[in-house]
Amino acid sequence: MVATAAEKKLLIDGQWVETGDWLEVRSPYSGELVARVAKAGAEETQRAVDAAERAMREPLPAHKRAEILVRVAGQLGRRHEEVARTISAEAGKPLKAAKVEAARAMSTFTMAAVEARKLAGEMVPMEASQAGVGKLAFTLRQPIGIVGAISPFNFPLNLVAHKIAPALAAGCPVVLKPASQTPLSALLLAELETEAGLPPGWLNVLVGSAGEIGDVLVEDERVKLISFTGSSGVGWGLRERAPRKRVNLELGNATPVIVEADADLDDVAGRLAANAFSFAGQSCISVQRIYVQRDAYDDLLARLLPKVEALRLGDPADEDTDVGPLIDAGARDRVLEWIEEARAAGAEILSGGTLDGELIRPTVIAGAGPELKVSCEEVFGPVCTVTPYDTLDEAIELANGTRFGLQAGIFTASLQSALAAAQRLEFGGVTINEAPTFRADQMPYGGVKDSGNTREGPAWAVREMTEERLVVLQL
Ligand code: NAP
C-alpha cells in the first residue's frame, strides 16, 4: 500500500498551490507511479522568499517555536507507519530502514525543541582587560535570516528534518527544495508543521528544477544561509557561487573501517554486513572500505561472507527485505561499471557482483588497488572492499587515502590503538567498536576535506543558523 495521495501541491506562504506543471514520482523498485507533484520554477521560488521575508517581520517567540516542534514530533509518532511507507515508496528504501528513519525524525524535532528553549548568548568577561573595566557585555543569538535548504534523495525525511527543525528552533524561515525523486516525505512533513500551528511563510516547499530554484536561492540577497546536503560537486559549486552567504555543506564519503586482530570478529562481521548494505549502500556513511589486520583477515571473511549472503533482496515494501533497488537505472549501471573496473584490474569478487533481477547483489571485493573507484570514490551502492594490512600506521594511511572525510571507524580491544586512530583519522567523526554508519541526532555530524564544512545535529545547526550580536553596557 502506498500511503500518498495521487497529487501533491507545493507549500508557499501557507497555501497549497498548483502550478499547472507536474513532476512524476515513480517507485525505484517497480517503476509504478507513486504520485504527481506540482512543479515549481523561479517564479514560485521568488514568491516563497517574499513569503519568508514577511514571516520574519513577525518573529515567533522561542516557546511557541518549541511547542510547534514538539507537536510535530508527536504527529510523527502517531503517523509513524504512514511516514515510513511514504519514505519506502518514493526512495525504494526497505521498510525496516524507513521505520528507523521515521523514528529518528521524531528525535530530531524533539531535540530541536530543546534547542529553541535554551537558545541564548553568553556573558563576556569584560574585566579581563583594563579596557573593559566598568562595562558589562553579553551576546544575543539572533536568527541569521531566511534559510534556503536543499536536500538529497537518500534520507528524504530525516535530512529535511535536520534542516527545517533547527531553522525553526533558531527563528529562521525556510525555503526548502527536496530532491526531485523523493519530495513526498518533505511535503508530508510540511503538512505536519502547518497542522502543528506554524504560521504562513515560515516553511515553503518547492519541488522542481534544481537549477531554477537553486539560482534564486543563490542570487537573492535575502537568503542568508544555504544549507545543502548532497553530492560534492553540486555543494562546492553552490558555495563558490554565493561567497557572501553562509553555505553549509554536508557531502559524501568513502567510509573506511579498520579491524584490528584483537577485535570481537563476530560482532564486527554482524555490524559490517548490516551497515555496508542497508538501503543498498545509499547512505553517505555506508561502510565501503574494510581494512583488516592480516592475522584476522581470513577469520573475518569467514564470518562476514555468510552474513552478507544471508541478506534478503527484494521489494522494499516487504518487512523482511534487507536490500532493495538503487534510486534509478543510471545509478545501478554506474555501480555495475565500477565493479567491472575492479574485476578487470584483477580484483576478486568474493560475493555478489551480479544482478538479481534489477537489483545488485551485495558485493564484497578483495584485492582492489587504492587507485580504483571502489577504493577511493563514493560507491553509493551495495559494494564494499576488504583489504589486509600489517600495521595500524598502514591502515590509517589507507583509510585517509581519499578526498573525503565524513566518518570512519575502528574495531579493537586496545584503548591505545582506538585513541591513536581517533586522533589520526582525518574525518569529522570516528566510531570505536561501532560501524561508522552510526548516527544519532544529538551528535555533531559533518565532514572535513571534500565531505563538507559544517556540523548538523540541532544543537550545532542552531549555532550555524544564528548570529551573535554583542551588547556592551557602560555601568
Ligand atoms: P545531488 O544530486 O547533489 O542532489 C542533492 C540535492 O541538490 C537535490 O535536491 C538536487 O535536486 C539538488 N541540486 C542538484 N543540482 C543543483 C543545482 N545546480 N543547484 C541547486 N540544487 C541542486 O545528491 P543526491 O544524489 O540526491 O544525494 C547523494 C549524495 O548526497 C551523496 O554524495 C551522499 O553522500 C550525499 N549525502 C550526504 C549526507 C551528509 O549528511 N553528509 C547525507 C546524505 C547524502 P534534484 O533532485 O532536483 O536534482
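One table, with the values for the structure above:
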read-out: So residue 83, is it surrounded by fewer than 18 Cβ atoms within 10 Å (Cβ to Cβ), β-branched (Val, Ile, Thr) and over 20 Å from residue 227 (Cβ atoms); value: no
read-out: Filter result for residue 90 (buried (at least 16 other Cβ atoms within 10 Å of the Cβ), in a helix (DSSP H, G or I) and touching a Phe, Trp or Tyr at 6+ places or on another chain (Cβ under 9 Å)); value: yes
read-out: First in the range 146-163 and more than 9 Å from the ligand (Cβ to nearest atom), second anywhere and small (Gly, Ala, Ser) and part of a strand (DSSP E or B), Cβ under 6 Å, 6 or more apart; value: 147/227; 149/227; 163/149; 163/227
read-out: Residues (out of contact with any Phe, Trp or Tyr (no Cβ under 9 Å at 6 or more places or on another chain), away from the ligand (no atom under 16 Å from the Cβ) and hydrophobic (A, V, I, L, M, F, W, C)) located in the range 324-365; value: 336, 339, 342, 344, 345, 347, 349, 350, 355, 360, 364, 365
read-out: All positions within the range 192-209 that are over 16 Å from residue 19 (Cβ atoms) and either among the polar types (S, T, N, Q) or without any contact (Cβ under 8 Å) to a residue 40 or more places away in the chain (or both); value: 194
read-out: Options 341, 378; residue that is in contact with a Lys or Arg (Cβ under 8 Å, 6 or more places away or on another chain) and acidic (Asp, Glu); value: 341
read-out: Helices (runs of 4 or more DSSP H) contained entirely in the range 351-457, each with at least 3 residues that are without any contact (Cβ under 8 Å) to a residue 24 or more places away in the chain and not acidic (Asp, Glu); value: 415-424
read-out: Test result for residue 463, under 17 Å from residue 162 (Cα atoms) and touching a Pro at 6+ places or on another chain (Cβ under 7 Å); value: no
read-out: Test for residue 242: is it without any contact (Cβ under 8 Å) to a residue 40 or more places away in the chain and under 22 Å from residue 85 (Cα atoms); value: no
read-out: Residue within the range 179-196 that is more than 16 Å from the ligand (Cβ to nearest atom), in a loop (DSSP other than H, G, I, E, B), of a type outside the set (Asp, Glu) and surrounded by fewer than 24 Cβ atoms within 10 Å (Cβ to Cβ) present; value: yes
read-out: Selection count, the range 217-233, where residues are within 10 Å of the ligand (Cβ to nearest atom) and either over 18 Å from the mean Cα position of the chain (by Cα) or in contact (Cβ under 8 Å) with a residue 40 or more places away in the chain (or both); value: 8
read-out: Residues of the range 245-260 that turn out to be away from the ligand (no atom under 14 Å from the Cβ) and of a type in the set (Gly, Ala, Ser), as a count; value: 0
read-out: The range 6-33, residues that are closer than 29 Å to residue 50 by Cα, of a type outside the set (S, T, N, Q) and part of a strand (DSSP E or B); value: 7, 8, 10, 11, 12, 16, 17, 22, 23, 24, 25
read-out: Answer residue from the range 71-126, given it is among the acidic types (Asp, Glu) and touching a strand residue (DSSP E or B) at 6+ places or on another chain (Cβ under 9 Å) and is farthest from residue 197 (Cα to Cα) among those; value: 122
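Here's the yes/no breakdown for (1) within 16 Å of the ligand (Cβ to nearest atom); (2) closer than 30 Å to residue 82 by Cα:
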site: 140; (1), (2): no, no
site: 166; (1), (2): yes, yes
site: 170; (1), (2): no, yes
site: 175; (1), (2): yes, yes
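Conditions (1) part of a helix (DSSP H, G or I); (2) among the aliphatic types (A, V, I, L, M), marked per residue:
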residue: 47; (1), (2): yes, no
residue: 50; (1), (2): yes, no
residue: 58; (1), (2): no, no
residue: 83; (1), (2): yes, yes
residue: 86; (1), (2): yes, no
residue: 96; (1), (2): yes, no
residue: 100; (1), (2): yes, yes
residue: 104; (1), (2): yes, no
residue: 113; (1), (2): yes, yes
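Every read-out reported here was derived from the displayed coordinates using simple, explicitly stated rules and does not represent laboratory data. This one's a predicted model, so the numbers in the text were calculated from it and none came from an experiment. Cβ coordinates were reconstructed from backbone atoms using ideal geometry, including for glycine residues, and neighbour counts include every protein chain displayed.
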